[in-house]
Amino acid sequence: MAKKNIDFIFQTLDKLYPNADTELKYQNGFQLLLAVIMSAQATDKQVNKVTDKLFKTVFEPRDVLEMGLDKFTKAISSINYYKTKAKNIYATCEILDKNPEILSSDLKSLTTLP
């Protein structure tokens, strides 16, 4: 899709839904990223149940890495496709831990994450 068309779509959506927000609960951009990854094929309600507990200790990529993949996988086990999501989130955290600027980058950079 051409950038011109994408810009038009986003401008139109912004006009139609100026106060659009998510029901996902988060405290920072990193937590939002995790919640969005977990939300695929899951309800926001279910994701919020998991993140209510998880986000008491997870604020940045290093926190997930320090948990380890097995413990993190167990922490999100009530989410659909949790094993795949856990591996992807863990890989994303490895990348973000080494390159924190990606999180504050543009959408194109974020879409390169696992």
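Pairs exceeding a 22 Å alpha-carbon distance, out of Lys4/Lys85; Lys53/Lys74; Lys25/Lys53; Lys15/Lys45: Lys4/Lys85; Lys15/Lys45.
Helix 29-39 axis versus longest C-alpha principal axis of the chain: approximately 80°, rounded to the nearest ten.
Note on the chain: GNM, Cα springs under 10 Å; of Tyr26, Tyr17, Tyr82, the largest mean-square fluctuation is that of Tyr17.
Charges were assigned to the Cβ only: +1 to each Lys and Arg, -1 to each Asp and Glu. The resulting dipole of the chain about its Cα centre is roughly 340 debye. In region 25-110, the alpha-carbon atoms span a convex hull of 85 Å³ per residue. For the residues Lys25, Lys53, Lys85, a GNM of the chain with alpha-carbon springs under 10 Å puts the largest fluctuation on Lys53.
Going from the residue with the fewest nearby Cβ atoms within 10 Å to the one with the most, Asp52, Asp44, Asp21 rank Asp21, Asp52, Asp44.
We did not get these values from a lab; they are worked out from the coordinates using the rules stated. These figures come from a predicted structure and were not determined experimentally. All Cβ positions, even for glycine, are placed from backbone atoms using ideal geometry, and neighbour counts span all protein chains on display.
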